[in-house]
Amino acid sequence: LGEVLSAFFEALGWGALTVVEAGKGALVITSSDWAESEAGGGSPQPSCFVSSGILTDFLGRLSAVPVAVMEVECRTRGDQHCRFVAGAPATLEAVFNALANGDSYESVLND
């Protein structure tokens, strides 16, 4: 799946992706050259909103089940990569709550 996603988005000019399966049936999608981001842009929050929506729809159509996607790291915020977590809505709700409480998204996926 990772190779197909990367080839698809790279061909469209969005950037290369790596996709890694994480705990709780989630995927972690990472890009160092994602087109929607602006390296060092100074945003206080991840800001690839269009990408999150596109990935949500794309992965939901592929899997035929509800999928949620959240950007947890962003080059525009100053992170090294843009990183998205994709999974069941309940999993992403737990990721959101962990981040809101100052915990890492990995703490949810590795439980």
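The values are calculated or read from the model by the stated rules, or taken from the named source; none is laboratory data. Not measured: the values here are computed from a predicted model. We place every Cβ from the backbone using ideal geometry, glycine too, and count neighbours over all the protein chains shown. Side chains included, ligands, DNA and RNA excluded: accessible areas come from the protein's heavy atoms. Shrake-Rupley method; radii C 1.70, N 1.55, O 1.52, S 1.80 Å.
Would you tally the net charge around GLY53, using a Cβ to Cβ cut-off of less than 13 Å, leaving GLY53 out, and scoring K and R as +1, D and E as -1? Write down the numbers at each step before the final one.
Details: positive: ARG61; negative: GLU36, ASP57, GLU71.
So the surrounding residues net to -2.
How big is the dipole moment of the chain about its Cα centre under a simple scheme where the beta carbon of each Lys and Arg is +1, that of each Asp and Glu is -1, and everything else is neutral? Debye, nearest 20, please. Mind dumping the intermediate values first?
Details: 5 positive and 14 negative charges, 28 e Å.
Roughly 140 debye for the chain.
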Between segment 4-50 and segment 91-111, what is the C-alpha centre distance in whole Å? 19 Å
Given points 7 Å out from each Cα along the Cα-Cβ axis, report the ASN110 to SER32 separation in nanometres with one decimal. 2.2 nm
Divide by every residue of the chain the summed helix terms, -39500 (n - 2.57) for each DSSP H run of at least 4, and state the resulting mean residue ellipticity at 222 nm, rounded to the nearest 500 deg cm²/dmol. -11500 deg cm²/dmol
Stretched fully, the stretch from LEU12 through ASN97 gains (0.36 nm per residue minus C-alpha distance, one decimal, in nm) 27.3 nm
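Tally Lys/Arg at +1 and Asp/Glu at -1 over every other residue whose Cβ is under 11 Å from the Cβ of GLY15; what's the total?
Values: positive: ARG75; negative: GLU10, ASP33, GLU36.
Its environment carries a net charge of -2.
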How long is the gain from ARG61 to PHE49 if the chain were fully straight, where each residue apart is worth 0.36 nm and the alpha carbon distance is subtracted? 2.5 nm
What residues have an amide H closer than 5 Å to that of LEU17, excluding those fewer than 5 places away on the same chain, when H is modeled at 1.01 Å from N in the peptide plane? SER6
Keeping all protein chains in place, calculate the accessible area per residue for the chain (probe 1.4 angstrom), answer in Å². 53 Å²
Can you list residues whose amide H is under 5 Å from GLU73's amide H, if they're 5+ apart or on another chain and H is modeled 1.01 Å from N? ARG83
If you roll a 1.4 Å probe over the chain with all protein chains in place, what percent of the accessible area is carbon or sulfur? 55 percent
